[in-house]
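Below is one structure, written out as structure tokens; the observations come after it.
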Amino acid sequence: GAAVATAALARYIEATVATVTAAQRSAAASERARLARELHDSVAKTLRGVSFAAVALPGLLRRQPDLAEQLAGTVSEGADAAVREARDLLAGLRRDLPDRPFPDNVRSICAEWSTRSGVPVQVIAHAVEPPVAARYELAQILSEALQNVTRHAEATLVQVVLHRSEAHVELTITDDGRGFPMPGDLTDLSGAGSFGIVGMAERAHAVGGTLRVESHIGRGTRVMARVPLSGPVPESGRARQAASR
């Protein structure tokens, strides 16, 4: 039991160090604040549970070795969960590279997903640069929307459009899949186990934006994220429209 606990603690320490290293590479204060929130909401809570279990192990090893063995398994599972959460967080950080134009990141996310899923994606990405925190949340919304297509839609084509609308940036993901019945309130989806859309809405709200979802049986689904821009969009030679498969 002690050996299992030690190995588990080593794994979650390694994951935490990797996450902190990623945070140190970020120069933007808003990015550090966002990363701290993500750590608190996921990895930190899991590690707290692992810590409580690990503290109880030494005493149980002497008094109740069978129970200690079960608790060691719990510690190991918790550490594995923390590693997965840390990896997911790091993967999210890699989805949006702040030193690269956001439209390029959108195209990259779509191209990688299309290669994995085999579903073609048409991308129309205008020159628009959201604030750092909004960039991250939009990249996560795009990734989650595409994963929902993989899991549920049975689509043959996806279209992704990024553009500016007055003082906002809009990201729309449309598929031609089977669709689903929409409830009156997005939060009702969590009761049915559909946490992905609820999570996307929470991400949009976290940066002052909104999320709309339209879906009809047999006619596909459309996800529309709209977040505010903090400043003017650069009009230099970065205006581009592209279609990729």
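The values are calculated or read from the model by the stated rules, or taken from the named source; none is laboratory data. As the structure is a computational prediction, the values presented were derived from the model and not from experiment. Quick reminder, even Gly has a Cβ in these numbers, built from the backbone with ideal geometry, and neighbours come from all protein chains shown.
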Hits in the stretch 145-183 (condition: among the acidic types (D, E) and either modelled with pLDDT under 90 or surrounded by fewer than 18 Cβ atoms within 10 Å (Cβ to Cβ) (or both)): E154, E166
Qualifying position, being over 26 Å from H152 (Cβ atoms), assigned to a helix (DSSP H, G or I) and at pLDDT 65 or above, among E77, E112: E77
Odd one out for L146, checked against (1) under 20 Å from G208 (Cβ atoms); (2) part of a helix (DSSP H, G or I): (1)
